[in-house]
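These notes concern the structure reproduced below.
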Amino acid sequence: MTAANEPDPRGGANRSASVSGSHGVQIGNQNQQTNLALDPSALPPPQRSPESAALQGPIHNLPPKSGVFVGREIEDVGRLLAGSGTGAVVGQAAAVHGLGGIGKSELVTQYAHANLNRYPLVWWITADNPENLSLGLAALTRRLHVMATLADAEEWAIGWLQSHNGWLLILDNVEDIGHIRNLLGLVGSTGHVLVTTRRNLGDGQWTRLGLRPLSLGVLDRAASIELLTRLAGSDDVDGADRLATDLGDLPLALDQAGVFISQLGLDFDEYRALLADSFESAARDIGEGSDAERTIATVWQVTMNAVTERSQLAAQILDVLAWLAPDDVPEDLLAPLGSEPLDTVRALSLLSSYSMIIRAGGMVGVHRLVQAVTRHQAGVAGSAESSFELATDLLAAGIPDDPINGVAGWPRWALLLPHIDSALACLAGDHANEPAMLLGDRAATFRQFQGRLREAIGLFETVLADRRRVLGEEHPSTLTSRNNLALAYESVGRLEEAIDLFESVLADQQRVLGEEHPSTLASRNNLAASYQAVGRLVEAIDLYESVLADQRRVLGEEHPFTLASRNNLAASYQAVGRLVEAIDLYESVLVDRRRVLGEEHPDTL
């Protein structure tokens, strides 16, 4: 092509230039210039381009593969693309989906490198947005044939893929499937297309798009240990096991940890301590020579931003989940967050589609590192306290009323207990969260009457210390904690400690609450039981008889507390040989408990 003649701005003669094989030409100097685009119509179409008529493959732009690849089978990808099973590459498309950092891209990279000789062309495109998708197609054109403009280059690449068979196109990190929908329709019948994405569209959508899905989960523990020990150059299998637990078997986190440990000469437990004491530092530092954008602290940021843009409720749910146990969160526990029931369902579906949570059987699961990153980001944003309070409020609203006698609620208690424990473990030592203290007291009470006494005592002692510090020694809630701890001491045979605590709290209750307050009556009954347990039977009977008279008058003959005192008094009569009175009282209280509590209630039994 020859450029047009133009006057020389310096007054010289007209000049001409001949240009070939370029995107365009710039003519002129100083402040005057003309840009001329070349006419792509003069170039051969992709179907007949000499550069692509007979590829001397394999041509590829694959990223390097990891030298430590464990716990995955590249044959799983091969089966998705098997097609007719004849060995020839026919049109087939598949999607590998899962949580960020789960190893989708590495699995596809390993498959592509292992099968390079099968394809004349393997082309990798980072397709996280339409612009990068277009740039990736244009880069394919530049490899096969020079074009003039980006739009022309993209169209030329699509034409080439349509008119040639046997290639592999990898569309990595697709954030919005809508961005690749048209491309799949245009080129999906002449080669293999592999998509990696965090989005799980569901079976129906995968089928509509013609994509065969493969869902990736975390590594099994044996593979996690192998990855850590090989990267770190260590044979400490037990230490690797402990670290893999902390990292939830997430491949990216394991890889990051192994490299970091190797470069700094740490052992696995030293890294665990760093992770516990300075999560932000450990989560962001991957050592020299690694991709700073591929860390557990950054890999989910794009997804979290996308979720927040689509649904503030979904982001709020993720904030709440950060404080709970990672598995088996009942969806109905989260339902009050939505204005309407379907609001929460939609928000959970969005989080699930981005692989940020797992939903199954009415339960929600979330990876522990997603929780850790979410908690950290909430701390940076100043919203940690409010999201924690929201979590404890939901738990307080979700627990059954009576952990002792409410037999029907026991399965619910068993389900929520890990989440209560997880939330309480996040409390600072100087916290003043009263709903959390109530949760701790109720959870300890449930454990006590399920026979888990050591756990109950530890939790009762923690709650009592917090209530004394925050509320004071004689606050009604503190008095309740003192009584409950004394009762737990009695249950494990620490009788002298129980009696001392019962006597002190009873004196304070009588002064603060009054002689006939239900809590005071309960403490009098409990103290009588302690007297009986150490053989102070006369004192026990006197106290039982007096408290029973007050309970009958204040609470009524058939109140559960009154029934308990009647039963306890019968036991005291039995202990001193007053057997006829004991039998009469046992028989009468049994009749009333059958009627009031039911035949199979534990107290009736």
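The values are calculated or read from the model by the stated rules, or taken from the named source; none is laboratory data. On a predicted model such as this, the values are computed, not experimentally measured, just so you know. Don't worry about glycine lacking a Cβ; one is built from the backbone with ideal geometry, like all the others, and counts go over all protein chains shown. Protein only, heavy atoms only, side chains kept; ligands, DNA and RNA dropped before computing areas. Shrake-Rupley method; radii C 1.70, N 1.55, O 1.52, S 1.80 Å.
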> Condition test on Gly85, is it at pLDDT below 90, under 29 Å from Gly202 (Cα atoms) and more than 38 Å from the chain's Cα centre (by Cα)?
Replying inline: yes
> Can you tell me how many residues in region 122-142 are surrounded by fewer than 22 Cβ atoms within 10 Å (Cβ to Cβ) and either of a type in the set (Val, Ile, Thr) or modelled with pLDDT under 90 (or both)?
Replying inline: 2
> Checking Leu415 against (1) in a helix (DSSP H, G or I); (2) over 30 Å from Glu599 (Cβ atoms), which test does it fail?
Replying inline: (2)
> Here is a list of conditions, (1) modelled with pLDDT under 95; (2) open to solvent by 10 Å² or more (accessible area, probe 1.4 Å); (3) not small (Gly, Ala, Ser); (4) not in a loop (DSSP other than H, G, I, E, B), and Thr190 meets all of them except one; can you say which number that is?
Replying inline: (4)
> Pick from Gly458, Gly451, Gly429: which is assigned to a helix (DSSP H, G or I) and free of Cβ contacts under 8 Å to residues at least 40 places away in the same chain?
Replying inline: Gly458
> What are the residues in region 487-523 that are closer than 19 Å to Leu563 by Cβ, open to solvent by 10 Å² or more (accessible area, probe 1.4 Å) and either of a type in the set (Gly, Ala, Ser) or in a helix (DSSP H, G or I) (or both), if any?
Replying inline: Leu487, Pro518, Ser519, Ala522
> Out of (1) in contact (Cβ under 8 Å) with a residue 24 or more places away in the chain; (2) in contact with a helix residue (DSSP H, G or I) (Cβ under 8 Å, 6 or more places away or on another chain); (3) assigned to a helix (DSSP H, G or I), what's the single condition that is false for Glu154?
Replying inline: (1)
> When both residues are 6+ apart or on different chains and their Cβ atoms are under 8 Å apart, which pairs have a first residue that lies in region 378-394 and is closer than 18 Å to Leu438 by Cα and open to solvent by 70 Å² or more (accessible area, probe 1.4 Å), and a second that is part of a helix (DSSP H, G or I) and not hydrophobic (A, V, I, L, M, F, W, C)?
Replying inline: Glu389/Pro435; Asp393/Pro435
> What are the pairs, 6+ residues apart or on separate chains, where a residue within region 104-122 that is small (Gly, Ala, Ser) has its Cβ under 6 Å from a residue that is crowded, with 21+ Cβ neighbours inside 10 Å?
Replying inline: Ser105/Asp172; Ser105/Thr196; Ala112/Val122
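Please verify whether region 309-323 includes one or more residues that are free of Cβ contacts under 8 Å to residues at least 12 places away in the same chain and open to solvent by less than 40 Å² (accessible area, probe 1.4 Å).
yes
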> How many residues, within region 218-245, are open to solvent by less than 60 Å² (accessible area, probe 1.4 Å) and touching a residue at least 40 places away in the same chain (Cβ under 8 Å)?
Replying inline: 6
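Determine which member of the set Asn165, Asn117, Asn173 is in a helix (DSSP H, G or I) and open to solvent by 10 Å² or more (accessible area, probe 1.4 Å). Lay out the reasoning, then the answer.
On the way: Asn165 fails: in a helix (DSSP H, G or I); Asn173 fails: in a helix (DSSP H, G or I).
Of the residues listed, the single one that is in a helix (DSSP H, G or I) and open to solvent by 10 Å² or more (accessible area, probe 1.4 Å) is Asn117.
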> Which one of Leu501, Leu521, Leu590 is of a type in the set (A, V, I, L, M), at pLDDT 95 or above and closer than 30 Å to Glu473 by Cα?
Replying inline: Leu501
> Quick one: how many residues across region 539-596 are open to solvent by 40 Å² or more (accessible area, probe 1.4 Å), closer than 16 Å to Glu515 by Cβ and under 49 Å from the mean Cα position of the chain (by Cα)?
Replying inline: 2
